[in-house]
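Below: the structure, in structure tokens.
The values are calculated or read from the model by the stated rules, or taken from the named source; none is laboratory data. For clarity, every value in this text was computed on a predicted model and none was experimentally measured. Here the Cβ positions follow ideal geometry from the backbone for every residue, glycine too, while neighbour counts run over all protein chains shown.
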Amino acid sequence: MNPLNLLIDVLALVVGVVAGYLFHRYQADRAAKARQEKADDILKAANSQARLIESGARENAAKILKASEAETKERRLELSKETERLDKRRSELDSRFDKMELREQTLNKRQSQVDKRANDIDKLYEDQVKKLESIAQMTQDEARKDLFAAVEKEARGDMARIIRQIEAEAREEGEKRARKLIADAIQRVASEHVAEVTRAVVTLPSEEMKGRIVGRNGRNIKAFEQAAGVDVIVDDTPDSVTVSCFDSVRREIGRRSLAKLVLDGRIHPAHIEKIIEDETKAVEKIINEAGEQAAYEANVTGLHTEVLRMMGRLKFRTSYGQNQLAHAVEVSKLAGILAAELGANIELAKQGGFLHDIGKAMDHNQDGTHAGLGAEYCKRYGVNPIVVNAIASHHHEVDQETVEAVIAEAADAISGARPGARREDLEAYIKRIRSLEEMSMSFDGVQQAFAIQAGREVRILVKPDQIDDLSSARLARDIAKKIEETMQYPGQIRVTVIRETRSTEYAK
């Protein structure tokens, strides 16, 4: 290679490198200058913005300060006015207080004068009483006792005479019409009635089944009682066990479940829970259908589904052997007939008769009478207030506000007092008869008392020398009132007081 050419190439390379370096440095200086200019522009813009913000802040601060000063001035004016008003009020109160003190002084003076006059009057009264006592030759207490005794004797005689007169007139005017209405209502509702009793006894195929029901260490019977909420009594009664519970629905579920378990034969805790769950659903379905069917039979419409469901629970409730759901339907029909005869509202009377005992379907853990509980429950579900009053007042726990309430009570008494409608066990019957006779004998002047007609009437023989004719009417009323207050019984009890005077002479 030629050294000259090599030298030229080296020089060209050096010149290229120097030129590239100078160009690169030029570009770097130019970029740095551009960045510097951009930074200066940004800084200028920032300073300008800062000046604008500062100017706006100063203007806002001035406005706020001006508004604050105006508000402060206004508050000062209001405070000044309030201070003036309070000063004026204080001066008025001071003036009123001075007047009251002056009035109090005047009243004190008048009170002292009144007290003085009262003392003088009391002294004059005591002097007059002493003069009267000396003239009458008896003390004030003795005179008061004699006067009260005379007035009481006269008032009692007049009262008994008036009562007898009113009762005679009422019987004469109302007995024929009442008998006609009641007889007509009973004849029109006279349907076949079967006294249904919710049986709590489950029949077993053999005595060996009792052991299977109890289970090893009592696990089956414990599981059953816990799941069903009832008590199972396994005693010496042959081929049967008893299901006991206050709640009639639970008792029915327990009876059906136990009967199904005995029929199935598989008795263990898991199967027990399944059977009870199935029977609970079945009984709930029966309750719903029974409530709807009863409302259909009674021709009562417009009731809430929850009210009908609660009425369906009465299918498993009895009172003295009378099924309460059938009783409700019967009372509703009787009330409708009586309302039609008397010109009252038929629909409301039928609803009142149908729902009057709905409180008996409530859970036994709820406190209160069945009339009060039923009225509160129906009121909660939008039942007419007239019907609610009929429910609450059918045992006279509240006042009867309408004729429909009276009709519902009368229909209830007719249904319960109908022969064959209700019955009671022998022990309760004997206890009630004995209580009637003992209660009647507890009154002064009673010689003998006899409970007749299955306890629906009590006849009382009185001593004629101690009880006169007027007193006998008062005695009958007192005994009837005491029976109402102290005893529970179906229907009504008639109280008859008999006074007999015999005179005997011998012809010689």
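Brief remarks follow.
- Counting only helices (runs of 4 or more DSSP H) wholly contained in region 224-324, the ones carrying 2 or more residues that are over 17 Å from residue 204 (Cβ atoms) and in contact with a Lys or Arg (Cβ under 6 Å, 6 or more places away or on another chain) occupy 248-264, 269-298.
- Reported count of residues in region 369-394, each being surrounded by fewer than 16 Cβ atoms within 10 Å (Cβ to Cβ) and touching an Asp or Glu at 6+ places or on another chain (Cβ under 8 Å), is 2.
- Region 462-503 - residue that is basic (Lys, Arg) and in a loop (DSSP other than H, G, I, E, B) and, of those, modelled with the lowest pLDDT: 502
- Filter pass, residue 375 being touching a residue at least 40 places away in the same chain (Cβ under 8 Å), hydrophobic (A, V, I, L, M, F, W, C) and under 29 Å from residue 246 (Cα atoms): no
- Applying the condition of being hydrophobic (A, V, I, L, M, F, W, C) and either in contact with a Leu (Cβ under 9 Å, 6 or more places away or on another chain) or under 13 Å from residue 284 (Cα atoms) (or both) to region 246-268 and asking which residue is surrounded by the fewest Cβ atoms within 10 Å (Cβ to Cβ) yields 262.
- Hits in region 422-447 (condition: surrounded by 13 or more Cβ atoms within 10 Å (Cβ to Cβ), of a type outside the set (Asp, Glu) and either part of a strand (DSSP E or B) or at pLDDT 85 or above (or both)): 435, 436, 439, 440, 443, 445, 446, 447
- Any pair with Cβ under 8 angstrom, 6 or more apart, that starts in region 419-441 at a residue that is more than 11 Å from residue 458 (Cα to Cα) and ends at one that is modelled with pLDDT of 65 or more and in a helix (DSSP H, G or I): 421/327; 421/415; 422/416; 424/432
- Condition met for residue 345 (touching a residue at least 40 places away in the same chain (Cβ under 8 Å) and either surrounded by fewer than 16 Cβ atoms within 10 Å (Cβ to Cβ) or not charged (D, E, K, R) (or both)): yes
- Neighbours by Cβ (under 8 Å, 6+ apart or cross-chain): first from region 294-320, in the same structural domain as residue 283 (by TED's automatic domain parsing); second in a loop (DSSP other than H, G, I, E, B) and polar (S, T, N, Q): 295/301; 316/198; 317/198; 318/198
- Boolean, residue 187 is at pLDDT below 75, loosely packed, with under 10 Cβ neighbours inside 10 Å and within 41 Å of the chain's Cα centre (by Cα): yes
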